[in-house]
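For reference, the structure is listed below as structure tokens.
Every read-out reported here was derived from the displayed coordinates using simple, explicitly stated rules and does not represent laboratory data. Not measured: the values here are computed from a predicted model. Cβ placement follows ideal geometry from the backbone for every residue including glycine, while neighbour counts extend to all protein chains displayed.
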Number of protein chains: 2
Amino acid sequence: MSNPSALMPMLRKLEYWGALSPSDHGALLALPHTLRTVEARQHIVREGSIATHACVIRSGFAFRYKIVAGGARQILAIHMSGDFIDLQNSLLGFADHGVQTLTGTEVAFIPRDAIVKIAFDHPTVGLALWKDTLVDGSVFREWIANVGRRDARTRLSHLLCEFALRLEATGVGQRTSWELPMTQEHLGDCTGLTSVHINRTLKGLEQDELISRSSRSVTIENWKRLAEAGDFDSAYLHLGEAQLTITQ
Amino acid sequence: MSNPSALMPMLRKLEYWGALSPSDHGALLALPHTLRTVEARQHIVREGSIATHACVIRSGFAFRYKIVAGGARQILAIHMSGDFIDLQNSLLGFADHGVQTLTGTEVAFIPRDAIVKIAFDHPTVGLALWKDTLVDGSVFREWIANVGRRDARTRLSHLLCEFALRLEATGVGQRTSWELPMTQEHLGDCTGLTSVHINRTLKGLEQDELISRSSRSVTIENWKRLAEAGDFDSAYLHLGEAQLTITQ
DNA sequence: CTACTTACTTAACATAAGTAAGTCAGACGC
DNA sequence: GCGTCTGACTTACTTATGTTAAGTAAGTAG
């Protein structure tokens, strides 16, 4: 058990789906949980393991992934502060994919049963959690389309746009300039490309002055053109007016 | 309103997650719904539309898709009898993807509010619905990995294996021999390939005697080898023992 | 029976992205 | 101060898959 505010980022995110009553608030903050600080590049969940806890990210970055025959890795989603990860794994009983940190990350572990209980004792919270998992699905669908039917430049631009908007909505950074918490290999594993080709493609975006970079920091020089290049329409993120309400 | 048994396939599927009480049964079958018969190749839901109803497939086949810049289509999922589609679209308010039929299909439309109500009045049903959306997500994740990190032959074999197992679990067909309800172009749009390359790849699988075909009917000649070729592990489908209990 | 359409098939050719094999710079341990 | 490591970056070369184009077969409408 630890500082209850570890669940605040999650609470804010759920509140997007509708006002929560004081009782809902109380129940959410009273959720039993264990806060752990995990170093960069560590596993939070291993594929195939039995999951009894769900986790919420308090700070830092993590990703979900699968390994295919031959050993290649596909990254399925990037997660940041407030994200509820692993509800899938814990509710369905076993982990059909792994979760690993990118940076040092604070993770709150919540027992599965406590989540099911709050969902049905507090229907407003339950519905918000349900919608949260549906948005998760929406992002997965966009990624299928991204990887399946777009070329390298479009894929990468799309990924950068998604990352930028989510950073902003989470209140962790600005839309146009931030520190990339991942290597070019990670970017490749997100987009189904090799790190070599990511390098080429990043260089291309830079030459065309859509972005600029120095070491890991990325600046979007022209949001409109990058969004066009990435065939990016933020609707699938279901952020709504979240940028305004959450970032303050 | 129409024949209540239109919801039976859904009920069986939900029951997989745990016994439902007589009261749960009653409430499910009493869900208000409209049954419509939709011809092959028709839209059930258009991308961008406002969704107020969710739908359940009683018979036939449908698919979800997105169109990317340039007009290419990516199929996101194939659906069959008992599948709950469009919960995403209706709960989140608008359709971030379209749904179209492959064959003639009977679809039951259920008002969104009725679904939310039953989920919280009958927590067992609500939990089953929630898990159903989580399995949906699990399949999306596998598709991301399939399209992102596998070659054409592996992708296609994987898709055929998935289709076979789900047909069997749904009780609509056998695992080893069935009628493909889609064209090679559809197969391409599932896997992020062109129909030309699907044709080449199917031919390859046939030459290697993993499958055989005549017109649209597919026979899996060697399940084990096809599953190997497709890097296929059915765990992500979360069918459990469903093959046994549902197909009877 | 004929025209029309749609899906499947094959071939020749083009290219986006992968592979292999490096160099180089910065970070880290000792 | 010297190895070791990791990640960024290049280059030369290869290949899986896309593109274009044609031809065939089957189904349907008139």
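Please report, in whole Å³, the volume per residue of the convex hull around the C-alpha atoms of segment B:124-214. Walk me through the numbers before you get to the answer.
Values: hull volume 9.2 nm³, N = 91.
Taking only Cα atoms, segment B:124-214 has a hull volume of 101 Å³ per residue.
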By Kyte-Doolittle mean hydropathy of at least -1.0 and Cα axial length of at least 30 Å, which whole DSSP H helices of chain A are selected? A:123-149
What does the charge count near B:R225 come to, summing +1 for each Lys or Arg and -1 for each Asp or Glu among other residues with Cβ under 11 Å from its Cβ? -3
Segment A:34-164 - Rg and Dmax from Cα coordinates, angstrom: 15.3, 47
Other-copy label distances relative to A:N199, 7 angstrom Cα-Cβ extension, nm: 3.9
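List the pairs from A:K13/B:K13; A:K131/B:K66; A:K13/A:K203; A:K66/A:K224 whose alpha-carbon separation is above 29 Å, in the order I gave them. Walk me through the numbers before you get to the answer.
On the way: A:K13/B:K13 31 Å; A:K131/B:K66 20 Å; A:K13/A:K203 35 Å; A:K66/A:K224 33 Å.
In this structure, A:K13/B:K13; A:K13/A:K203; A:K66/A:K224 exceed 29 Å between Cα atoms.
Counting other Cβ atoms within 10 Å, which trypsin sites (Lys or Arg not before Pro) in segment A:32-79 have at most 11 and lie in a DSSP loop? Working shown, then result.
Values: sites: A:R36, A:R41, A:R46, A:R58, A:R64, A:K66, A:R73; in loops: A:R41, A:R46.
Passing sites in segment A:32-79 are A:R41.
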Note down the net charge around B:T103, summing +1 for each Lys or Arg and -1 for each Asp or Glu among other residues with Cβ under 12 Å from its Cβ. -1
Can you work out the Karplus-derived ³J(HN,Hα) for every residue in segment A:75-85? Use 6.51 cos²θ - 1.76 cosθ + 1.60 with θ = phi - 60°, whole Hz, and x for glycine or proline. 7, 9, 5, 10, 10, 9, 3, x, 6, 8, 10
Out of residues 5 or more away from A:L76 or on other chains, whose amide H comes under 5 Å of its own, with H placed 1.01 Å from N in the peptide plane? A:R64, A:Y65, A:K66
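Could you line up A:E106, A:E179 from fewest to most neighbouring Cβ atoms inside 10 Å? Intermediate results must be reported in sequence, preceding the final value.
Numbers: A:E106 18, A:E179 11.
By the 10 Å Cβ count, ascending, the order reads A:E179, A:E106.
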Distance (nanometres) between label positions extended 7 Å along Cα→Cβ at B:T34 and A:H25: 4.2 nm
What are the distances, in nm and sorted shortest first, from the label point of B:S214 to the label points of the same position in each other copy, with each label point placed 7 Å from Cα along the Cα-to-Cβ direction? 7.1
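Which loop-located GluC sites (Glu not before Pro) does segment B:1-59 contain, where loop means any DSSP state but H, G, I, E or B and the Cβ has at most 16 other Cβ atoms within 10 Å? Don't skip to the end; give the middle numbers.
Details: sites: B:E15, B:E39, B:E47; in loops: B:E39, B:E47.
Passing sites in segment B:1-59 are B:E39.
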With +1 on each Lys and Arg Cβ and -1 on each Asp and Glu Cβ, and nothing else charged, work out how big the dipole of segment A:86-198 is about its Cα centre, in Debye to the nearest 20. 360 debye
Checked against the positive end of the charge dipole of chain B (+1 on Cβ of Lys and Arg, -1 on Cβ of Asp and Glu, about the Cα centre), the farthest of B:V56, B:Y236, B:T201 is B:T201
When the helices in the protein assembly as shown are scored as -39500 (n - 2.57) per DSSP H run of 4 or longer and the sum is shared across all residues, what 222 nm value do you end up with, to the nearest 500 deg cm²/dmol? -13500 deg cm²/dmol
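Explain nothing, just the number: dipole magnitude of the protein assembly as shown about its Cα centre with +1 on each Lys and Arg Cβ and -1 on each Asp and Glu Cβ, in debye rounded to the nearest 20. Don't skip to the end; give the middle numbers.
On the way: 50 positive and 54 negative charges, 118 e Å.
Charge dipole of the protein assembly as shown: 560 debye, to the nearest 20.
Magnitude of the Cβ-charge dipole of chain B, K/R +1 and D/E -1, about the Cα centre, nearest 20 debye? Show your work: numbers first, answer last.
Working: 25 positive and 27 negative charges, 82 e Å.
Dipole magnitude for chain B comes out near 400 debye.
Cα gyration tensor of the protein assembly as shown, axes a ≥ b ≥ c as square roots of the eigenvalues: rounded (a/c below 1.5), prolate (a/b > b/c) or oblate? Walk me through the numbers before you get to the answer.
Numbers: a/c = 1.58, a/b = 1.11, b/c = 1.43.
Judged from the Cα gyration tensor, the protein assembly as shown comes out oblate (a/c at least 1.5, b/c at or above a/b).
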Report the one residue of A:L129, A:A77, A:Y65 whose Cα lies farthest in the direction of the positive end of the charge dipole of chain A (charges on C-beta: Lys and Arg +1, Asp and Glu -1; origin at the Cα centre). A:Y65
Whole-Hz ³J(HN,Hα) for each residue in segment A:214-221, computed from phi via Karplus 6.51 cos²θ - 1.76 cosθ + 1.60 with θ = phi - 60°, x for glycine and proline: what do you get? 8, 6, 8, 8, 10, 10, 8, 7
With no solvent and one equal point scatterer placed on each C-alpha of chain A, evaluate the Debye formula and give log10 I(q)/I(0) for q = 0.08, 0.13 Å⁻¹, two decimals. -0.30, -0.82
Put a point 7 Å out from Cα along the line to Cβ at B:E228; what are the distances to that point in the other copies, in nm, shortest first? 5.2
